[in-house]
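Peer 1: I am attaching a structure below and will ask some questions about it afterwards.
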C-alpha cells in the first residue's frame, strides 16, 4: 500500500477566515481548503498517510494533485531531474538590439545610448546564424529591444522576413515580441510588424500624464504621453490580432495619482482582452540620475506592487503574471538559460539586458559569417549556476520556481543567489492567485 507525506514543496497558509491555502511550487498548484475541512485533516499534514486515509476525499485530492508525495521516492532527486530536463530547452530565444540609441531620455534609464543602428555585416551575420541553427531547435522566438527598436524599422522588417523564411524551411514555429516606447508605433508600422508575426508588445507608462511627461521625455525635450495613448487607441480601434502588456512604473510621487491612470486605462481598454496591465517599481540600475531618483524603498516596493496588483486585478493580464510567478521556472531569469542570447547592434553577445556596460556580460561576438565566438568562462558565470546548490536554496520550498536563478547578475556580484520573494511577498502572491481560481476542495 502506497504511503504519502506532505511535499517538500508544499506551503500552507492560514487565512483570517480559518480557511487554508495550499501552494505546491513544483506542480504550480493552488488549493483552497475551507476551515471545517482543514480542521479534519490538519493533524495528518506532517505525518505519513496511506491509501486507507483516502476515505477522506479532501486528502485523496491533495495527494492526486501533488500536494503530498509518495514516501518511498526521493522527492528532491525526482524534482531536480525533471527540472534539469525541462531546462534543456530546445526553444531558441534571441533578444535583438537593432538600434541602441533612443528617442526618449527617461530619468531612470541605465543605458548609455552610445551605440547606433545595427551594422550591415551584423544583420547579414544574424541572418546566417538563424538560417544555420534553427533546425537544431523546436521553435524560434525573437524579442526586439533597444534603445528603441523602432528607430531601425527597416532592419526589423529585413531580419523578420529572413527569420520567417528560415523557420518555414526548418518546419518550426516562429513568434516575436517587441519592447517599445510606442512613440513610433503608428498604424502603418503596426501593419508591417503584424504581417511579420511581431504581435506581442510591452509598452510603458510612468503613471498619469502629468507624471509620465516629467519622467519619460523625448531626447530633445517634449511630452510623450498623448502620442503613446493615441497610437494605442488606434490599435484598439482595429480588428487585428495582437497583445499589448501595459507596464506601469511607479514611485512615491506617482502612487498617489495612480487612480487617474487606471481610470483612463479602464475606460479605454478595460473591455478589450488584447490589452493587459502590470506594475513595476522604478529602481536604480546604474543610470546617471540614480542619486536624484525618487524611488519606493526596496524593502516595501514589492509589497506595494502586490497591493496594486490585487487592487487592479480585474483588468485581466495581472492574473497571468501572478500565476506564472508561482509556476516551476516562473521566476528563472532568461539570462540563466543556455538557449537565450542578446545580440547587440555591433554584434556583441550579452546575457543580461540591464548590465550592458559590465565586461562580464560581454560573453561573445557574432561574426559576419554567422558563427559566434563565445567566451566560455564569462558564459558560465551566467548559466552554470552552482549557487543553486547553496544551502538556502536546497532547503527552500519554492526552489522549483526560481532554482537559485532569479538574478544571475546579483549572484555574480554578491557570490550568492538572491531570493525571488520574501516570505510576506510570497504569501501575498499566493493569496492573490487563490482569489482567481484556486482549486476549492
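Peer 1: Take residue 265 and tell me if it is touching a residue at least 24 places away in the same chain (Cβ under 8 Å), under 26 Å from residue 418 (Cα atoms), in a helix (DSSP H, G or I) and touching a helix residue (DSSP H, G or I) at 6+ places or on another chain (Cβ under 9 Å).
Peer 2: On the way: touching a residue at least 24 places away in the same chain (Cβ under 8 Å): yes; under 26 Å from residue 418 (Cα atoms): no; in a helix (DSSP H, G or I): yes; touching a helix residue (DSSP H, G or I) at 6+ places or on another chain (Cβ under 9 Å): yes.
No: the conditions fail for residue 265.
Peer 1: Further, regarding this structure: Please work out if residue 191 is in a loop (DSSP other than H, G, I, E, B) and farther than 24 Å from residue 281 by Cβ. Can you show your working first?
Peer 2: Details: in a loop (DSSP other than H, G, I, E, B): no; farther than 24 Å from residue 281 by Cβ: yes.
The answer is no for residue 191.
Peer 1: Quick check on the range 231-262: of everything there that is in contact (Cβ under 8 Å) with a residue 12 or more places away in the chain, over 23 Å from residue 215 (Cα atoms) and part of a loop (DSSP other than H, G, I, E, B), which residue is farthest from the chain's Cα centre (by Cα)? First the steps, then the outcome.
Peer 2: The initial filter retains those residues of the range 231-262 that are in contact (Cβ under 8 Å) with a residue 12 or more places away in the chain, namely 231-236, 238, 240-255, 257-258, 260-262.
Filter again for over 23 Å from residue 215 (Cα atoms), leaving 234-236, 238, 240-243.
Retained after the next criterion (residues that are part of a loop (DSSP other than H, G, I, E, B)): 238, 240-242.
Values: 238: 28, 240: 25, 241: 22, 242: 18 Å.
Per the criteria, the residue is 238.
Peer 1: Which residue out of 175, 166 is in a helix (DSSP H, G or I) and either at pLDDT 95 or above or surrounded by 19 or more Cβ atoms within 10 Å (Cβ to Cβ) (or both)?
Peer 2: Numbers: 175 fails: in a helix (DSSP H, G or I).
The unique qualifying residue is 166.
Peer 1: Looking at 295, 282, 304 in this structure, which one is in contact with a strand residue (DSSP E or B) (Cβ under 9 Å, 6 or more places away or on another chain) and either outside the structural domain of residue 212 (by TED's automatic domain parsing) or closer than 30 Å to residue 235 by Cα (or both)? Walk me through how you get there before you give the answer.
Peer 2: Details: 295 fails: either outside the structural domain of residue 212 (by TED's automatic domain parsing) or closer than 30 Å to residue 235 by Cα (or both); 304 fails: either outside the structural domain of residue 212 (by TED's automatic domain parsing) or closer than 30 Å to residue 235 by Cα (or both).
Among 295, 282, 304, only 282 is in contact with a strand residue (DSSP E or B) (Cβ under 9 Å, 6 or more places away or on another chain) and either outside the structural domain of residue 212 (by TED's automatic domain parsing) or closer than 30 Å to residue 235 by Cα (or both).
Peer 1: From the set of residues in the range 225-248 that are surrounded by 20 or more Cβ atoms within 10 Å (Cβ to Cβ) and in contact with a strand residue (DSSP E or B) (Cβ under 6 Å, 6 or more places away or on another chain), which is nearest to residue 199 (Cα to Cα)?
Peer 2: Out of the qualifying residues, it is 244.
Per-residue answers, yes or no, for (1) at pLDDT below 95; (2) in contact with a helix residue (DSSP H, G or I) (Cβ under 7 Å, 6 or more places away or on another chain):
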residue	(1), (2)
201	no, no
228	no, no
231	no, no
236	no, yes
242	no, yes
260	yes, no
274	yes, no
277	yes, yes
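Peer 1: Considering only residues that are touching a strand residue (DSSP E or B) at 6+ places or on another chain (Cβ under 7 Å) and outside any strand (DSSP E or B), look in the range 73-103 and name the one that is surrounded by the fewest Cβ atoms within 10 Å (Cβ to Cβ).
Peer 2: 75
Peer 1: So if I check each of 93, 44, 19, 50, which one is more than 30 Å from residue 173 (Cβ to Cβ) and under 33 Å from the mean Cα position of the chain (by Cα)? Outline the logic, then answer.
Peer 2: Working: 93 fails: more than 30 Å from residue 173 (Cβ to Cβ); 44 fails: under 33 Å from the mean Cα position of the chain (by Cα); 50 fails: under 33 Å from the mean Cα position of the chain (by Cα).
Residue meeting the stated conditions: 19.
Peer 1: Continuing with the same structure: Can we say residue 148 is without any contact (Cβ under 8 Å) to a residue 60 or more places away in the chain, crowded, with 22+ Cβ neighbours inside 10 Å and either out of contact with any strand residue (DSSP E or B) (no Cβ under 9 Å at 6 or more places or on another chain) or farther than 20 Å from residue 236 by Cβ (or both)? Let's see the steps before the verdict.
Peer 2: Working: without any contact (Cβ under 8 Å) to a residue 60 or more places away in the chain: yes; crowded, with 22+ Cβ neighbours inside 10 Å: yes; either out of contact with any strand residue (DSSP E or B) (no Cβ under 9 Å at 6 or more places or on another chain) or farther than 20 Å from residue 236 by Cβ (or both): yes.
Yes; evaluated as a whole, the condition is true for this residue.
Peer 1: With respect to residue 108, determine if the residue is within 30 Å of residue 217 (Cβ to Cβ) and either in contact with a helix residue (DSSP H, G or I) (Cβ under 8 Å, 6 or more places away or on another chain) or crowded, with 16+ Cβ neighbours inside 10 Å (or both). First the steps, then the outcome.
Peer 2: On the way: within 30 Å of residue 217 (Cβ to Cβ): yes; either in contact with a helix residue (DSSP H, G or I) (Cβ under 8 Å, 6 or more places away or on another chain) or crowded, with 16+ Cβ neighbours inside 10 Å (or both): yes.
Taking the combined requirement at face value, the residue satisfies it.
Peer 1: Assuming residue 322 fulfils every condition listed in (1) under 18 Å from the mean Cα position of the chain (by Cα); (2) over 30 Å from residue 79 (Cα atoms); (3) touching a residue at least 40 places away in the same chain (Cβ under 8 Å) apart from one, which condition is it?
Peer 2: (2)
Peer 1: Looking at (1) crowded, with 17+ Cβ neighbours inside 10 Å; (2) more than 26 Å from residue 400 (Cα to Cα), which is the only condition residue 63 fails?
Peer 2: (2)
The values are calculated or read from the model by the stated rules, or taken from the named source; none is laboratory data. Just so it is clear, the model here is predicted, and its values are computed rather than measured. Don't worry about glycine lacking a Cβ; one is built from the backbone with ideal geometry, like all the others, and counts go over all protein chains shown.
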